[in-house]
Structures are given as C-alpha cells and as structure tokens.
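Laboratory data are not the source of any read-out in this text; all were calculated from the coordinates shown. For clarity, every value in this text was computed on a predicted model and none was experimentally measured. Every residue, glycine among them, receives a Cβ derived from its backbone with ideal geometry; neighbour counts consider all protein chains shown.
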Amino acid sequence: MSVAKFDKTLSEDAMSKNAASLMGKTNRYFRWNLELFSIERGKCILDLGCGPGLYLQALTAYRPARYVATDYSPQYVETIKSLITDLPDSVALQIDLLNQQQLEALYAFAFDFILCLDVLEHIEQDEQVLKNIKTLLQNTGEGCLCIKVPALPFLYGENDRAIGHYRRYSMQSLKTKLLQTGYQIEKIGYQNFVGILPWFVVGKILKRSQSVSGNEGRAFDILVPVIKSIEKVFPPPIGLSLYCKCR
C-alpha cells in the first residue's frame, strides 16, 4: 500500500479549518462514533490524539471518573486545557505517540478505555504507534483500545491529502497490523455507508481540500439517527470508516 507525502504544517492548518467547520454542528455523529465501542459511564478514559476537542462534548456525557487527553500539537493541547477546566480529574498533555518515553508519563494512571479516533492515518509509522499503545495498555490496567480510521484505500483523494492522511485502511490491512502487533480483536466493522459517495465526489472529482463544510456537516448530522438505526440492523459491507475494539 503506497504512503502519501505532504507538508505537515499545511496539513495541520487544513485540519484545524475542517475541525472548526464541524465544531458544534455534528454532535450526533460524534456521539454515534462513541456508541460503537459501548463505553461505560464513570470510567477512566484516555483520549490519544484529541485534536481541538471535537469529541469532548460527547465524552462528557459518560461522566468519566478521569479524563486524560493527549496530542502532538501544543496548540491543540492548550485548546483542550481551556475546555476541561470544569471537568473533574482531567488533564491534557503534549505527547508524541511515537515517543515511548513520553508515553511512560501515562503509566501512573489506570485506564478503562483508550481512544484512538481518526489518529493512526495521520502517522506514517502507524505500526510503531500500535506497539507503543500496547505497552501502554500493559502498564495501565486491563483496559481496551478503541480505534476509528478512514476506510477504503480507493477513496483516497485531495481531501485526505490536505488534512494529512498518509493512508486509508482496508479491513484486512487494519486487522493485519493489529494482529501483528499483538492485539486481540473483540469487534471490527465498517461505519457510514452513506458517506462514501460524498467523500468520493469531494476528493476525487471536485478535488476539494476541505472535506466537509459547516452546512454539509449540519445536513449530514440531521440524517445520523436514520443512518445509525439502519446500520445497527444491517451492518454495512463497506463504509467511509472502520472501527475496532481490541485488547
């Protein structure tokens, strides 16, 4: 599978613009993503690659006993710090997931759920990150790893490249990387069949760098309850995203 190349500074800027267009407009979508992992209330949650906090509002509904957020970007870490001031027992840390020594700062905690949502595709050495997270799991209790990544390599377009995606994953490629790095997969599946066509049009035909505008995100969010209900009864054979819960 080929690996994309791009300017990381420009991609972070594009990612921030995309996040700003979605913030507060796609809350149903982010809640749906978390529901895929059966997260329990009152548990300890580690949010790896938290970004500017797109999932934070949805996560607070679970009333975590502890919430720890990390990101490579100092800008995003400062943003999260400003958003979690009223969240009990919470902290935001700047950590490079490729740096095992930095991850050791988290060994003092015990986590029930470690989230890695739309993160692996932004890291060229994704298998090394999976190895580092496995060591983290082994040192912080009996928790599980919850992963979400973009699916279907043929969909890779300008919208992926612009926001710093090195790749999109097939189910087999994700499974292989998880098994080779020592994980046991509890469940894995595709999500959001409906999103395939719009993503293809935006990235491959229009070649637009902005993945989703605010109005597009708001319109999609209205449809989320219907899409979610259909996919719960009829799990899609393919989808815009892949999700996996493993240990």
Return the distance in nm (one decimal) between the two label points of a simple spin-label model at SER170 and SER82, each offset 7 Å from Cα along Cα→Cβ.
4.4
Cα-centred dipole magnitude for region 1-131, charges only on beta-carbon of K, R (+1) and D, E (-1), debye, nearest 20
480
Taking the Cα atoms only, what angle lies between the long axis of helix 171-180 and the longest principal axis of the chain, rounded to 10 degrees?
20
Interchain or sequence-distant (5+) residues whose placed amide H lies within less than 5 Å of the amide H of GLU186 are LYS245, CYS246, ARG247
Theoretical FRET efficiency, 1/(1+(r/R0)^6), r = Cβ-Cβ of THR60 and GLN94, R0 22 Å, to 0.05
0.55
Once Lys and Arg are counted +1 and Asp and Glu -1 for all other residues with Cβ under 14 Å from that of GLN102, the total becomes -3
Using Cα atoms only, what is the angle between the long axis of helix 126-139 and the major principal axis of the chain, expressed in degrees (0 to 90) to the nearest 10?
30
Taking a temperature of 20 °C and a viscosity of 1.002 mPa s, what whole-number D in µm²/s does Stokes-Einstein yield for region 109-240 with Rh from Kirkwood over alpha carbon pairs?
132
What distance in nm lies between label points placed 7 Å from Cα along the C-beta direction at GLN102 and GLN128?
1.2
Acute angle (nearest 10 degrees) that the helix 214-233 long axis makes with the longest principal axis of the chain, alpha-carbon atoms
80
Cross-link reach from LYS17 to lysines, straight Cα distance under 27 Å and at least 8 residues apart if same chain, gives LYS5, LYS8, LYS25, LYS81, LYS148, LYS204, LYS207, LYS228
List every residue whose amide H lies under 5 Å from the amide H of ALA151, counting only residues 5 or more places away in sequence or on a different chain, with H placed 1.01 Å from N in the peptide plane.
TYR169, SER241, LEU242
